[in-house]
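Take this structure first; my questions come after.
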Amino acid sequence: MSSERRLAAMGDDMKVPFVDLKAQYAEIGDDVMKAVGEVFASTRFIGGEVVDAFESEFAQYCDAAHAVGVGNGTDALELALQACGVGAGDEVVTQANSFIATAAAIVRVGATPVFVDIDAASYTIDPERVEAAITPRTKAVIPVHLYGQPADMDPILEIAQRRGLVVIEDAAQAHGARYGGRRIGSFGHAACFSFYPGKNLGAYGDGGAVTSNDPDLIERIRKLRDHGRTSKYEHAMVGTNSRLDAVQAAILRIKLRRLDAWSAQRAQAAAWYAELLAGSAVSTPSVRPGSTHMFHLYVVEIDDRERVAQALDAQGVATGIHYPIPLHRQPALAAYADPAADLGRTERSAPRILSLPMYPEITREMVTRVAGALREAVDGAQRPAAE
Ligand SMILES: *Cc1c(COP(=O)(O)O)cnc(C)c1O
């Protein structure tokens, strides 16, 4: 077989996964095993100096004064709400296009989620809609830095300050993103991160953190995450068990050092997609001026999504949808769906969005394959149906 034909055959067989954590493990495996071995030998599994070190390194990375590690990103949101005094009778304004954890945390502290529409270009919460949704019961707003792009924080913070609202950022998808040059992590009262394995900074299990410039707020979360402890046997408040363990912290320390390089690789892949999809009927993501986008997800909009996704699958290209069912349509949250709310942009994008393969190690060859298959499928959709 000629080398040209061999290449073509290889290209035909090439599967493109949605994410590939194995590629990353090949890069860091030796360091990870060494660090994990040290934790095992120390037998200091919960808390201790490895967790302390990660917390201070992560705070510094996020341009925040403090960070506290917790069990996962959902708990980070719940504990931040609790520590800010959000509870029964309070309303919390957020967006309906998000992972369910954003709203579940609100419900779990006894408050009511109020869903408002997004800005159609960035998929992040529309500040004007936040202001319009404020009632005497509104206590907080949770902007979501969705897909890796910061929400438009300046107008949100201005409204929150003027109306006396707590701002808790859902930063689970946007580790390292910048807004006006500063990293997310201390714009609001607290920012909540997830270290779920598939996130841009992922542990080898569950993990999460809250960052803030407010030392008292962080101290309250430190207590809440550890049974409200003030000392070994004394508990000042009823808290929970939601601690970051030392094995995860050791792995996260290794990965944090590489995060900026990985984010640059994601940005490169996004640039390839934009180049290779230019001029097609595929609408590619936009980045708000003054912000950086971490491309946790590379989300495009297309017509006829189900057929296109199937066509890609048939070509060995895996895709996802984030999220096909907006939160106000989730059965679990039916009680919080307001029929009078105008969520038109959320509703119109939900059946059109498609998340393409995106991870630091994706190659130009793979991106080319995805873009080619996508163009072919979308062009097919535009052709008049055969008689
Ligand atoms: C992943 C995620 C969470 C929840 O984080 P977990 O660590 O999985 O609990 C919350 N909000 C958003 C937007 C997320 O993507």
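Any read-out appearing in this document is the output of simple, stated calculations on the displayed coordinates, not a laboratory observation. Predicted, not measured: the structure shown is a model, and the values here were computed from it. Counting neighbours? That spans all protein chains shown, and the Cβs are built from the backbone with ideal geometry, glycine included.
Just list whichever of 22/232; 139/232; 139/255; 139/199 have alpha carbons separated by over 32 Å in the model shown.
On the way: 22/232 40 Å; 139/232 34 Å; 139/255 36 Å; 139/199 29 Å.
Exceeds cut-off: 22/232; 139/232; 139/255.
With +1 on the Cβ of every Lys and Arg and -1 on the Cβ of every Asp and Glu, and nothing else charged, how large is the dipole of the chain about its Cα centre, in debye rounded to the nearest 20? Could the numbers behind the result be given before it?
Values: 39 positive and 49 negative charges, 91 e Å.
With only Lys, Arg, Asp and Glu charged at Cβ, the dipole is about 440 debye.
Indicate the gyration tensor shape class of the range 7-157 (rounded, prolate or oblate), computed on the Cα atoms with a ≥ b ≥ c the square roots of the eigenvalues: a/c under 1.5 is rounded; otherwise a/b larger than b/c is prolate and the rest oblate.
On the way: a/c = 2.55, a/b = 1.35, b/c = 1.89.
Oblate shape, in that a/c is at least 1.5 and b/c is the bigger or equal ratio.
Ratio of the chain's C-alpha Rg to 2.2 N^0.38 Å, to two decimals?
Details: Rg = 21.8 Å, N = 387, 2.2 N^0.38 = 21.2 Å.
The value comes to 1.03.
Percent relative contact order of the chain, based on C-alpha pairs within less than 8 angstrom and at least six residues apart? Numbers along the way, then the final one.
Values: 782 pairs, mean separation 84.6, N = 387.
Here the relative contact order equals 22 percent.
Separate question: Which aspartates and glutamates have a Cα lying under 13 Å from the Cα of residue 223, excluding residues fewer than 8 positions away in the same chain?
234
Right, something else. Out of 351, 315, 120, whose Cα points farthest toward the positive end of the dipole of the chain (charges: +1 Lys, Arg; -1 Asp, Glu; placed on Cβ)?
Positive-most Cα among the choices belongs to 315.
Within 10 Å of each residue's Cβ, count the other Cβ atoms and sort 192, 62 from fewest upward. The partial results should precede the final answer.
Working: 192 31, 62 24.
Ordered by Cβ neighbours within 10 Å, fewest first: 62, 192.
Then there's this: Give the residues of the range 64-102 whose amide nitrogen is closer than 20 Å to a point set 7 Å from the Cα of residue 230 in the direction of its Cβ.
Counting backbone N atoms under 20 Å from the label point, the list is 83-85.
To the nearest 20 debye, what is the magnitude of the charge dipole of the range 13-120 about its Cα centre, counting +1 on the Cβ of each Lys and Arg and -1 on the Cβ of each Asp and Glu?
Charge dipole, the range 13-120, about its Cα centre: 340 debye, nearest 20.
Let me ask something else about it. Please compute the length gained on full extension between residue 14 and residue 363, using 0.36 nm multiplied by the number of residues separating them and subtracting their Cα-Cα distance.
Values: separation 349, 0.36 × 349 = 125.64 nm, distance 1.15 nm.
The residue 14-residue 363 span can extend by a further 124.5 nm.
Relative to the Cα centre, what is the charge dipole magnitude of the range 171-323, using +1 at the beta carbon of each Lys and Arg, -1 at the beta carbon of each Asp and Glu, and rounding to the nearest 20 debye?
700
What is the range 102-217's relative contact order, in percent, from Cα pairs under 8 angstrom and six or more apart in sequence?
Numbers: 192 pairs, mean separation 19.8, N = 116.
About 17 percent, as a whole number.
Here's another thing I want to ask about it. Please list, by residue number, every one of the chymotrypsin sites (Phe, Trp or Tyr not before Pro) in the range 232-315 that is coil in DSSP and has at most 11 other beta-carbon atoms within 10 Å. Please report the intermediate quantities before stating the final value.
Values: sites: 233, 262, 272, 273, 295, 298; in loops: 233, 295.
Listed in order of number, the matching sites are 233.
So what is the calculated 222 nm ellipticity per residue for the chain, using -39500 (n - 2.57) for each DSSP H run with n of 4 or more, over all residues, to the nearest 500 deg cm²/dmol? Before the final figure, lay out each step's value.
Numbers: 12 runs with 161 residues, N = 387.
Dividing the helical sum by the residues of the chain leaves -13500 deg cm²/dmol.
Would you please put 139-151, 121-133 in order of how densely packed they are, using the mean number of other Cβ atoms within 10 angstrom per residue and starting with the highest? Present the calculation step by step, with values, prior to reporting the outcome.
Working: 139-151: 27.2, 121-133: 20.3.
By packing density, highest mean first, the sequence is 139-151, 121-133.
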